[in-house]
Amino acid sequence: MANTHGANANSCPAVVPALQQWEGGHGFLTLADGFRVVVNDPGLAATAEQLVTDIAEVCGIAGRSGAQPGGAGPAEVQAPEGVAPAGGISLLLDPSTPFATGSEAAAQEGYLLCIGESIQIQARTVTGIFWGTRTLVQMLLLSAGPQAGAGPRAAIPCGTAVDWPNYPVRGFMLDVGRRFADPAFIRDYIRFMSWFKLNTFILHLNDNEIVKDTKRDWGVAQQAFRLSSGNPQFAGLAATDGAYDRADWDSFEELALRHQVTLVPEIDVPAHARSIVRVRPELGLNNGDSDMLDLSKPETTDFVQVIFDEFTPWFRGPYVHFGADEYEKEHAELYLRFFNEISSHLQALGKKPMAWGSLTAMSGGADAAGRSGYGRDVVICSWNNDWYGPHAATADGYRIINTNDELLYIVPFADYYHGTHLDGRALFDGWEPHVFADNQSLDPQHPQLLGAASAVWNDMVLRDYDEQLIHELVEPTFGLLAQKMWSGAPAGLSYEAFMLRIAALTQWPGRSYLPQPR
């Protein structure tokens with residue numbers, strides 16, 4: 001919990017997520033044109049360069065780092081310890097950096113931020129250093145202002161922050177299968193996520209119209225597969241109204257690496273697979289009149305494995321999501337075999353498999369013993385308590401992510417879940433990553449709970465809307481969810497006061513596709 005010591009000490013900075021701990025000092029440090037960023041490890045060069053770029057954008061203050069032309073070079077710091085002169089910034093990797101918790105999340109992502117005559121960000125990892133720079137840039141944005149005759153500068157309060165996340169997975173999922181998102185929008189959202197220290201971006205890359213709702217035939221139903229390969233074996237698979245080629249995907253991965261965001265690509269099988277059935281109708285249920293794959297045919301699983309063989313080398317993160325949701329329950333035995341074969345195949349490709357929770361429904365409501373045939377080396381996104389709630393999934397031994405549909409799903413224009421935006425007040429008053437609907441909550445920081453992710457599902461394929469509309473629905477609660485995923489409820493703030501805090505931070509750096517807020 002953030003705190004302040006001493007008479008007239010500086011109050012805790014109004015950043016999002018709020019700091020875990022703050023010891024206020026006295027006075028202010030003024031950052032001005034010409035400031036220098038120094039590092040004690042060459043692995044921090046990209047972070048230093050990003051920091052200089054972001055400070056210049058949000059408050060017009062020009063600095064330099066060793067990674068920039070005219071700088072000292074990443075290994076040529078001004079002192080062996082990488083300590084900046086007065087008015088400068090030091091980025092310091094130190095494996096002995098202390099935290100007030102022994103959690104692995106703190107070790108991997110925590111940081112210290114000390115502001116006195118100079119600014120020092122210290123952490124055990126590059127990730128921790130980067131999150132410290134996000135806090136610093138937010139502070140500068142909130143404090144920036146011209147001073148007469150002195151050029152651009154910003155005064156930030158002196159003090160010491162010790163900060164870390166409570167959960168290692170803090171995420172967001174975007175359905176681009178049903179509605180294509182411009183590559184520049186994806187890159188904007190990587191930056192947007194990192195601004196609030198969200199670190200897991202699930203991209204749902206294939207899906208189709210829900211024909212039971214639209215009453216249209218499968219032959220005309222919208223469907224899309226959003227990865228485009230030049231391999232002739234996959235001719236016709238990529239959507240014609242928008243797909244990401246290897247250069248697009250590489251741009252996502254490279255930006256995500258710089259911003260400490262992990263991309264989790266999802267290719268959804270064996271249901272939601274109309275795009276695959278369209279090009280290989282013999283592999284579909286009901287002679288191809290379906291969006292589900294026919295798992296009774298060995299060649300179906302073979303083709304799915306070939307798809308993953310083709311695209312998994314594009315993916316640099318540790319996880320690949322294979323969907324596995326909402327398949328026909330009467331084919332449970334075939335589903336079990338497919339689930340295990342695909343999860344094993346992904347592991348053979350060097351990836352950790354992830355799937356939507358479905359095992360209660362697919363086992364006919366059986367208890368853990370009835371689900372014993374499923375491999376346990378899969379991270380489960382617990383999205384619906386009837387299909388596979390958190391109690392059942394953790395009892396079965398799975399690590400899980402809270403993606404609870406009732407609380408965390410936006411479906412633009414729908415009359416189910418949330419058709420406009422999530423319920424911010426309800427989330428502020430009563431939600432954290434361990435909270436699920438219908439009395440299915442877990443203990444806080446349950447050892448099998450990795451964290452949480454909200455989601456946008458573009459079910460309404462016949463409606464006309466774009467990425468700007470999606471952003472308008474997501475933005476009101478994005479920072480609020482990030483707060484809860486990082487450190488829980490902000491101490492001493494009402495909902496209204498916290499939302500005003502978020503409103504002051506809508507100018508996140510690097511935004512290019514979405515218009516800047518007025």
Self-check item: the stretch 253-284, residues that are farther than 18 Å from Phe322 by Cβ, surrounded by fewer than 24 Cβ atoms within 10 Å (Cβ to Cβ) and not basic (Lys, Arg)
Solution: Glu253, Glu254, Leu255, Ala256, Leu257, His259, Gln260, Val279, Pro281, Glu282
Quiz prompt | Residue in the stretch 340-359 that is among the charged types (D, E, K, R) and touching a residue at least 60 places away in the same chain (Cβ under 8 Å) present | solution = no
Practice problem: Would you mind finding the one in Phe180, Phe201, Phe192, Phe172 that is within 23 Å of the chain's Cα centre (by Cα) and surrounded by fewer than 20 Cβ atoms within 10 Å (Cβ to Cβ)? | Solution: Phe180
Quiz item: Can you name every residue in the stretch 104-122 that is within 21 Å of Ala84 (Cα to Cα) and of a type in the set (A, V, I, L, M)?
Solution: Leu112, Leu113, Ile115, Ile119, Ile121
Quiz item: Any chance the stretch 416-428 includes a residue that's at pLDDT 95 or above, closer than 21 Å to Pro390 by Cα and acidic (Asp, Glu)?
Solution: no
Quiz item: So which residues in the stretch 434-464 are assigned to a loop (DSSP other than H, G, I, E, B) and touching a Lys or Arg at 6+ places or on another chain (Cβ under 8 Å)?
Solution: Gln448, Trp457, Asn458, Asp459, Val461
Practice problem: May I ask you to list the residues in the stretch 471-496 that are in contact (Cβ under 8 Å) with a residue 60 or more places away in the chain, more than 19 Å from the chain's Cα centre (by Cα) and not in a loop (DSSP other than H, G, I, E, B)? | Solution: Tyr495
Practice problem: Please state which of the following conditions Asn439 fails to meet, knowing it meets all the rest: (1) without any contact (Cβ under 8 Å) to a residue 12 or more places away in the chain; (2) within 18 Å of Arg179 (Cβ to Cβ); (3) not aliphatic (A, V, I, L, M). | Solution: (2)
Quiz item: How about the stretch 410-423: which of its residues are open to solvent by less than 10 Å² (accessible area, probe 1.4 Å) and under 19 Å from the mean Cα position of the chain (by Cα)?
Solution: Ile410, Val411, Leu422
Quiz item: Yes or no: Leu334 aliphatic (A, V, I, L, M), within 24 Å of Leu422 (Cα to Cα) and either open to solvent by 30 Å² or more (accessible area, probe 1.4 Å) or in a loop (DSSP other than H, G, I, E, B) (or both)?
Solution: no
Exercise. Report whether or not Gln445 is over 30 Å from Val211 (Cβ atoms) and polar (S, T, N, Q).
Key: yes
Self-check item: Hits in the stretch 254-275 - residues which are of a type in the set (A, V, I, L, M, F, W, C) and in contact with a helix residue (DSSP H, G or I) (Cβ under 7 Å, 6 or more places away or on another chain)
Solution: Leu255, Ala256, Val261, Leu263, Ile267, Val269
Exercise. Within the stretch 318-331, track down each residue that is touching a helix residue (DSSP H, G or I) at 6+ places or on another chain (Cβ under 8 Å) and either closer than 28 Å to Asp250 by Cβ or open to solvent by 40 Å² or more (accessible area, probe 1.4 Å) (or both).
Key: Val320, Phe322, Ala324, Glu326, Glu328, Lys329
Exercise. Report yes if some residue within the stretch 497-508 is in contact with an Asp or Glu (Cβ under 9 Å, 6 or more places away or on another chain), under 26 Å from Met139 (Cα atoms) and without any contact (Cβ under 8 Å) to a residue 40 or more places away in the chain; otherwise report no.
Key: yes
Quiz prompt | Within the stretch 249-268, considering residues that are under 22 Å from Gly132 (Cβ atoms) and polar (S, T, N, Q), the one farthest from the chain's Cα centre (by Cα) | solution = Gln260
Quiz item: Mind checking which residues of the stretch 217-246 are charged (D, E, K, R) and not in a helix (DSSP H, G or I)?
Solution: Asp217, Arg226, Asp241, Asp245
Practice problem: Quick one: which residue in Val277, Val264, Val306 is in a strand (DSSP E or B) and of a type in the set (A, V, I, L, M, F, W, C)? | Solution: Val264
Practice problem: Look through the stretch 345-390, keep the residues that are under 20 Å from Pro168 (Cα atoms) and not in a strand (DSSP E or B), and return whichever of them is most open to solvent (accessible area, probe 1.4 Å). | Solution: Asp377
Practice problem: Give the residue that is most open to solvent (accessible area, probe 1.4 Å), with candidates limited to residues of the stretch 461-509 that are more than 19 Å from Arg191 (Cα to Cα) and small (Gly, Ala, Ser). | Solution: Gly492
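The values are calculated or read from the model by the stated rules, or taken from the named source; none is laboratory data. No experiment lies behind these values; they were computed from the predicted model shown. With ideal geometry, Cβ positions are generated from the backbone for all residues, glycine too; neighbour counts draw on all protein chains shown. Remember, those area values only see protein heavy atoms, side chains included, never the ligands or the DNA or RNA. Shrake-Rupley method; radii C 1.70, N 1.55, O 1.52, S 1.80 Å.
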